[in-house]
């Protein structure tokens, strides 16, 4: 399936979704868009996308339907609700959920789509707002091999790597592994910069020394300058990261896996939520430490 000339629906045009949908539009897709807050889709409509009044309306005529929503409850409603896209999409359509969600829910959505003569794959992404803008996302896919092959040209427009990890739910499990690693790197970066500041060092100068060595991570190099500048605007919302960590923790427990660092990360981001930082970026963890609320 070619991107140019294909009918595509994109549901969820927020911080990351708007950029991803924009890449598809620039690649020649005939794009229909829906978002709960209509104004977040205005730029896409101005660029040539067609506004749809509901997820079902967006999906009705599409060859491929993408969703990028917030929580598993949103995924369930959009796909399996009374006016959900599993029912509304045309036979043969491929439904691609880019949301980080529950692996068990991905299995349910895939089964429902298959029963309705459609295909659904889970394809959560990593790379944040920067990766979405620059089309450098890593896309982790679970589902049918033929469905993945059909939509890979679209995924390649939005990201740098798209890898099929296994059957339904495998993409979400891979994203959980990703988020566990991100949490470890983020906590390390926050504590490293907090320590440097407390020791009377210039944290930015410290970064010059440690950012290219064994301590290097994307969180340390990419997020530390934002933290130190007091820039806590969301490239990825803290409330959504807490959601991801809870999904990972529940999945780990269901498999009998004990992961102490994941447990710590979940508790820290619960404190972020209690502190009113849920709408801030994950780098606001540095602010929590600075206020001694960790």
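Here, each number is a calculation from the coordinates, and none is a lab measurement. This structure is a prediction, so every number in the text was calculated from the model and none was measured. Reconstructed Cβ throughout: ideal geometry from the backbone, glycine too, with neighbour counts over all protein chains shown.
Numbers for the structure displayed
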item: Bridge type composition, the range 7-166 - antiparallel percent by DSSP, nearest 5; result: 10
item: Tilt relative to the chain, helix 170-198 - C-alpha long axis, 0 to 90 degrees, to 10; result: 20
item: 0 to 90° range, to nearest 10: angle between helix 260-274 axis and the chain longest Cα axis; result: 90
item: Within the chain, helix-based [θ] at 222 nm, where runs of 4 or more DSSP H residues each add -39,500 (n - 2.57), nearest 500; result: -15000 deg cm²/dmol
item: Ranking of 286, 79, 195 by count of other Cβ atoms within 10 Å, fewest first; result: 195, 286, 79
item: Rough spin-label spacing in nm, given labels placed 7 Å along Cα→Cβ, for residue 163 and residue 104; result: 2.7
item: Rounded FRET efficiency, nearest 0.05, which uses the C-beta distance separating residue 246 from residue 205 and R0 of 30 Å; result: 0.20
item: Antiparallel DSSP beta bridges within the chain, percent to nearest 5; result: 15
item: Label-point separation, residue 146 to residue 191 (7 Å along Cα→Cβ), nm; result: 5.0
item: Value in Å of the Kirkwood radius, where the range 14-121 supplies the Cα pairs that are averaged; result: 13.9
item: Normalised contact order of the chain, rounded percent, pairs of Cα under 8 Å and 6 or more residues apart; result: 13
item: Taking the range 150-294 and dividing mean pair separation by its residue count, relative contact order in percent (alpha carbons under 8 Å, at least six apart); result: 28
item: Rule-of-thumb Rg ratio for the range 183-232 [Cα; 2.2 N^0.38 Å; N residues]; result: 1.00
item: Helix axis angle, 103-115 relative to the chain longest principal axis, alpha carbon, degrees; result: 10
item: Spin-label pair residue 42/residue 273, simplified geometry with 7 Å Cα→Cβ offset, distance in nm; result: 3.2
